[in-house]
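The values are calculated or read from the model by the stated rules, or taken from the named source; none is laboratory data. If you're wondering where the values come from, they're calculated on a predicted model, not measured in any experiment. Backbone-built Cβ (ideal geometry, glycine too); neighbour counts: all protein chains shown. Heavy atoms of the whole protein, side chains included, go into the accessibility calculation; ligands, DNA and RNA do not. Shrake-Rupley method; radii C 1.70, N 1.55, O 1.52, S 1.80 Å.
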Amino acid sequence: MIVSYRHEDGTVEEVSTDDLSAIESSVIESATGTDWDEVDTALRQQAPTAMRAVLWVFRKRTTPTLRFSDFDLPGWKRRTKARLEYAEILDMVEALVKNPESTDEIVERMTGFMRTMAHDEADVDKAFAEMSPKDQGIATPPEPAVSPDAVSETSSTSTGL
């Protein structure tokens, strides 16, 4: 997951949980009182404590005495977010492709979730392309939904001459 925080001056601090050491991950577990799977789930749900803990551990690299209880993120709801990285999206797509119970509806719902949560939305299509055998047309992601406004702007019945 990529956790980002937009500072008041507009600069964005971005960190990846892939860059955490095992010790740092354990420190996050201790600070939040949860195991890593729960932290990961909390990040996907945009939980402030999990996002704050990840950013705090990275800040501790330069300020070792920084205490979790003293670390705050003003305006966290507007300024902080956690997003999926390519490897996580690829794992999700692989699970969808290999699961015989994956219906078109499930694939469509999960694709929408991945597009919403992706750090880079193009990673979703890239992951599907990587997981789809070249000679079979399975598990292709649905196209993003087109808004009604976009349809009316490109409609052939438009009289905007």
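Quick notes
- Portion, in percent, of the accessible area of region 50-137 that falls on carbon or sulfur, probe 1.4 Å: 50
- Entry comment: accessible area of region 1-128 is 57 Å² per residue, from protein heavy atoms only and a probe of 1.4 Å.
- Extension gain, Thr116-Thr41: 0.36 nm per intervening residue step, less the Cα-Cα distance, totals 25.4 nm.
- Under 13 Å from the Asp72 label point (7 Å along Cα→beta-carbon), backbone N, region 18-61: none
- Per-residue extension of 0.36 nm, minus the Cα-Cα distance of Lys126 and Ser30, leaves a gain of 31.0 nm for this segment.
- Taking a Cβ cut-off of under 10 Å around Lys60, the surrounding Lys, Arg, Asp and Glu residues balance to a net charge of +2, with basic ones at +1 and acidic ones at -1.
- Low-density loop positions, trypsin sites (Lys or Arg not before Pro), region 19-125 - DSSP coil, at most 14 other Cβ in 10 Å: Arg61, Arg67
- Two-decimal log10 I(q)/I(0) for region 1-140, as the Debye equation yields it once each C-alpha is a single scatterer, q = 0.12 Å⁻¹: -0.55
- Distance in nm between pseudo-label sites at Ser21 and Ser102 (7 Å out along the Cβ direction from Cα): 3.7
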